[in-house]
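Here the structure is laid out as structure tokens; the discussion comes afterwards.
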Amino acid sequence: YYRKQWYQRRVRGFSCFSVPLCLHSVYDNMEFSESLRKEFWENGAVVVRGLFSDEWLEKVASGIESNLAHPSKYSERVKGDIGSGEYFNDYMNWQGIPNFVDFVHNSPAPRLAKFLLDTEKLVFYHEHVLVKEPQTGKRTPWHQDQPYYPMDGKQVLSIWMPLDRVEVMETLLFFKGSHKLPYFMPYTFVTERPYPIENEELQKKMNFPPLPDETQLGEIIGWDVSPGDCVVFAGTTIHGAPPNLTNSCRRVLSTRWLGDDVVCAERPWTTSPPVQGSLKPGDKFVEDGLFPEIKC
């Protein structure tokens with residue numbers, strides 16, 4: 001159903017930087033439930049409603065504007081086969097954007113990540129800004145995050161926080177329970193082809209297979225989300241997203257969080273991001289100051 005609908009909507013006219021306001025976070029004085037953590041570990045993805053207040057939405061919107069105005073060397077602007085819009089993504093800029101620094105340390109995000117990971121120490125890996133303009137005919141291909149990263153461990157998650165209303169037809173989609181599968185080859189977002197192998201011996205040793213055909217991967221889950229909501233998913237959950245052919249931007253800040261069991265690991269290709277500080281294979285990420293431990 002989702003796949004057949006991806007390219008069927010055509011809408012013109014949009015406004016990128018209006019910020020719909022939500023009520024103050026419903027979690028300001030509440031604890032997360034054990035059922036939420038159970039759902040996360042069973043399905044590999046979960047939606048959390050009303051977590052972020054209008055103040056955090058405004059700060060993140062300002063941070064995304066700063067990133068768009070001053071993109072890094074890692075940034076990409078990609079166009080699809082249809083539509084006039086572009087898909088912008090960039091990462092590893094948070095330390096130069098004060099509102100992102102504030103978000104990493106003081107928003108509800110680290111508390112949610114620490115709870116779901118059930119970890120004693122929480123490490124912040126990096127942020128990822130994802131902006132799909134209206135009439136962007138470029139999808140986000142199916143992939144797992146963790147094969148891109150120089151790390152192994154089960155306590156890896158992303159908090160996908162939209163600034164705009166996202167309907168089910170445009171939302172992030174997941175194969176339910178796919179976080180329990182092994183690693184698969186990563187794919188470039190531009191060409192949707194597998195990453196080039198740079199170390200054949202390591203690939204033979206690690207044996208990353210290509211991603212199975214989507215018809216073999218089971219049930220697809222996803223949620224409509226509003227500003228203030230977020231979707232949390234594991235580092236090995238297979239996910240992707242359709243094009244954005246609506247009358248508004250789809251702006252997202254996705255933040256990556258690590259728990260106690262995560263260690264540096266080799267990959268047979270250049271990792272994304274291609275940064276691991278002073279860490280060597282087997283070192284815990286909390287041991288390198290480039291990836292700070294977040295107290296919450």
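Things to note:
- In the chain, the alpha-carbon atoms span a convex hull of 125 Å³ per residue.
- Surface composition of the range 82-222: carbon plus sulfur atoms hold 49% of the accessible area, using a 1.4 angstrom probe and ignoring ligands, DNA and RNA.
- Rolling a 1.4 Å probe over the protein heavy atoms gives the chain an accessible area of 44 Å² per residue.
- Highest-fluctuation residue, LYS73, LYS180, LYS138 considered, GNM on the chain with Cα pairs under 10 Å: LYS73
- Euclidean distance between Cα centres, the range 221-296 to the range 42-83, Å: 13
- Exceedance of the 26 Å cut-off in Cα-Cα distance is limited, within the set LYS73/LYS295; LYS38/LYS180; LYS38/LYS121; LYS79/LYS205; LYS59/LYS280; LYS73/LYS205, to LYS73/LYS295; LYS79/LYS205; LYS59/LYS280; LYS73/LYS205.
- Percentage relative contact order, the chain, counting C-alpha pairs under 8 Å, at least six apart: 30
- Gaussian network model of the chain, springs between alpha carbon atoms under 10 Å - residue of ASN247, ASN43, ASN89 with greatest fluctuation: ASN247
- Those residues of the range 114-144 whose amide nitrogen sits under 20 Å from the label point placed on GLU65, 7 Å along Cα→Cβ: 128-134
- Given charges at Cβ of Lys, Arg, Asp, Glu: the chain dipole, positive-most of GLY282, GLY240, HIS126: GLY240
The values are calculated or read from the model by the stated rules, or taken from the named source; none is laboratory data. As the structure is a prediction and not an experimental result, all values here were calculated from the model. Note that each Cβ is placed from the backbone with ideal geometry, even for glycine, and that neighbours are counted across all protein chains shown. These area figures cover heavy atoms from the full protein model, side chains too; ligands, DNA and RNA do not enter into them. Shrake-Rupley method; radii C 1.70, N 1.55, O 1.52, S 1.80 Å.
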